[in-house]
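The values are calculated or read from the model by the stated rules, or taken from the named source; none is laboratory data. If you're wondering where the values come from, they're calculated on a predicted model, not measured in any experiment. We place every Cβ from the backbone using ideal geometry, glycine too, and count neighbours over all the protein chains shown. The area values use the complete protein model at the heavy-atom level, side chains included, leaving out ligands, DNA and RNA. Shrake-Rupley method; radii C 1.70, N 1.55, O 1.52, S 1.80 Å.
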Amino acid sequence: MNGGWLAKPEARLLDAMVHHVPARIGPDTLTGIGIFGAALGAAGFALGVSSLFSLLLVFLGFGLNWLGDSLDGKVARHRRIERKVQGFVLDNGVDLISYTLVTVGFAASGLVSLPIPFLLLALYMLLSNLALARMLITGVHNLAIDTVGTTELRVCFMLLATLLYLLPGVFLAMVPGLGLSVLDGLSLLWAGIMLVNFGFVLRRDIRAAGLADQRQARADARAEENDA
């Protein structure tokens, strides 16, 4: 399941594209394209988005990452060669590799203070882990955190790269008295929002899990009565 705000138009586009993927290109090849795209996008950020070349690397990289990551499972289901359990584990692992590559690329760019990219990665992992745990309650893995999924994040990264290329003086300017750049401040604000969101989501999920436990307990009690 994907509850991102771009999910519906994205699904229509992917449904149209899946019929045109050449037979020689299988899901594993598309997964590899996705990882390669993440590496290209990371390289674009590592170069500081200081040239048109590095900006194009970001766009090409995240475009390929979206293509491979979004189509691999779609193609597998379309061709009836889906590996539900193995595919889920593989897709989750590949996503973790892609997130780490982008984080390392952003950290190497010097655009933000060194700890910040890894702080953002850790907070995103916290929220992603909650989504996995929520599967015990709903039986559904929602790829989006609220209305922001991986596709929305890619769009945000490409928009950020464009702004950094066009307006580097604005985002890299130092905030008087704080010792932080404007981009540092915005990144920390984003981190704060993610942390608060984590607290709200965790509280909601704990309540939902409690209700699920109560329903299961009642069902077990009824089953015991019937057996008696």
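Structure values in brief
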read-out: Residue 170 versus residue 15: modelled label distance in nm, points set 7 Å from Cα along the beta carbon direction; value: 3.8 nm
read-out: Relative contact order of the range 76-165, defined on C-alpha pairs under 8 angstrom at six or more residues apart (%); value: 12 percent
read-out: Helix-only CD estimate at 222 nm, as mean residue ellipticity for the chain, using -39500 (n - 2.57) per DSSP H run (n ≥ 4); value: -27000 deg cm²/dmol
read-out: Accessible area (Å², per residue) of the chain, counting only protein heavy atoms and a probe of 1.4 Å; value: 57 Å²
read-out: Potential lengthening between residue 25 and residue 8 on full extension [0.36 nm per residue; Cα-Cα distance subtracted]; value: 3.6 nm
read-out: Calculated FRET value between residue 78 and residue 221, using beta carbons and R₀ = 25 Å, to 0.05; value: 0.05
